[in-house]
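Each remark here refers to the structure printed beneath this line.
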Amino acid sequence: MEDSQLIDITLANDAHGAFVWGVLDRLLDEPRLFFRSITASGFGGMEAAVLAYGLALGGRRGARTALTNFWRRVSHASMSVASTANPLRSILEQSIEIAELHKNSCRLKLNILASNVRTDTMTVFSGDRLSIDAILAGATVPFLFPAVEIDGDAYWGECDLSALPPVQPIEAGHWLIVSGKSSGCMTPCAGYRLDANAVNSASAHTICDSHHTTSAALFTKPCNDWGELTEMRDRGRQRAEDWLLADHPSLSESSVPDNKHRYV
């Protein structure tokens, strides 16, 4: 990259969290790439919060360290937790301090998505509404773990990103969608089409995991072996590397995407 680039990221709930970790980890290596916002559903919301917290306290190195420590807690918890327990709250509370995400020094805008259990409508938690409960709700697998109560309503995750309300025009920069589906990734519905200004001012790309495993499986298996998690992380790093090189051919001529805007 010759100049500084801003990036807005959408993390779909069908992308395995460790794959997302790898994508974020690789993007943090780029000194001229700056995160502007992350919109996340599912387990990705926890990773987005950990990333923002690490950035606020220690910059890029702090964010990478925070994500690594977070995933070590996930791996450890998955080996010891009872099948009916939800260890996510403890992991999240050990990984972030929510007050830091409310400070002006935290410049990364987080949008955490969760579904209202009663109405089945999607809610976006951001700004002052961002809380441990909101992040936890977005990561809670419906019917597997109890919903989280926020202001008298119950919420859980597994939001359909195509149900997002119409977006505002995106400022100049890149819009990167990280998904677990290797085909038909993130086709916008009628209510989620970018207008002409948004299309002209931002480049939308999708990174998909060709070996995708849904994030819902994180705590349904006996354990998440550290070697298995780092293998998925490395696959995410490689997909992000492919995107970076293909999107910026001046860096390398060797990367070949499978189509104009999708990297698998």
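Nothing in this text is a laboratory measurement; each read-out follows from the coordinates by a stated rule. Predicted model only: the values in this text are computed from it and were never measured. Cβ atoms come from the backbone with ideal geometry, glycine included; neighbour counts cover every protein chain shown.
Ranked from highest to lowest mean number of other Cβ atoms within 10 Å per residue, what is the order of the peptides 109-118, 19-28?
Answer by packing, highest mean first, reads 19-28, 109-118.
Around Ala134, what is the net charge, scoring Lys/Arg as +1 and Asp/Glu as -1 over all other residues with Cβ under 14 Å from its Cβ? Before the final figure, lay out each step's value.
Details: positive: Arg89, Arg129; negative: Glu93, Asp128, Asp133, Glu149, Asp151, Asp153.
In short, -4.
Among 124-131, 68-75, 137-144, how do they line up from the highest to the lowest mean number of other beta-carbon atoms within 10 Å? Spell out each step's value before the answer.
Details: 124-131: 15.1, 68-75: 19.0, 137-144: 21.5.
Per-residue mean Cβ counts within 10 Å order the peptides as 137-144, 68-75, 124-131.
Let me check I've understood the local charge: for Thr68, count other residues with C-beta under 14 angstrom from its C-beta, Lys and Arg +1, Asp and Glu -1. What total comes out? Walk me through the numbers on the way to the answer.
On the way: positive: Arg26, Arg60, Arg61, Arg64, Arg72, Arg73, Arg233, Arg237; negative: Asp25, Asp29, Glu47, Asp234.
Around Thr68, the surrounding residues sum to +4.
Summing +1 for each Lys or Arg and -1 for each Asp or Glu, what net charge is found among the other residues whose Cβ lies under 10 Å from the Cβ of Val20? Please report the intermediate quantities before stating the final value.
Working: positive: Arg233; negative: Asp25, Glu47, Asp209.
Its environment carries a net charge of -2.
Need the full-extension length gain, Ala154 to Asn104, defined as separation in residues times 0.36 nm minus the C-alpha distance. One decimal, nm.
15.1 nm
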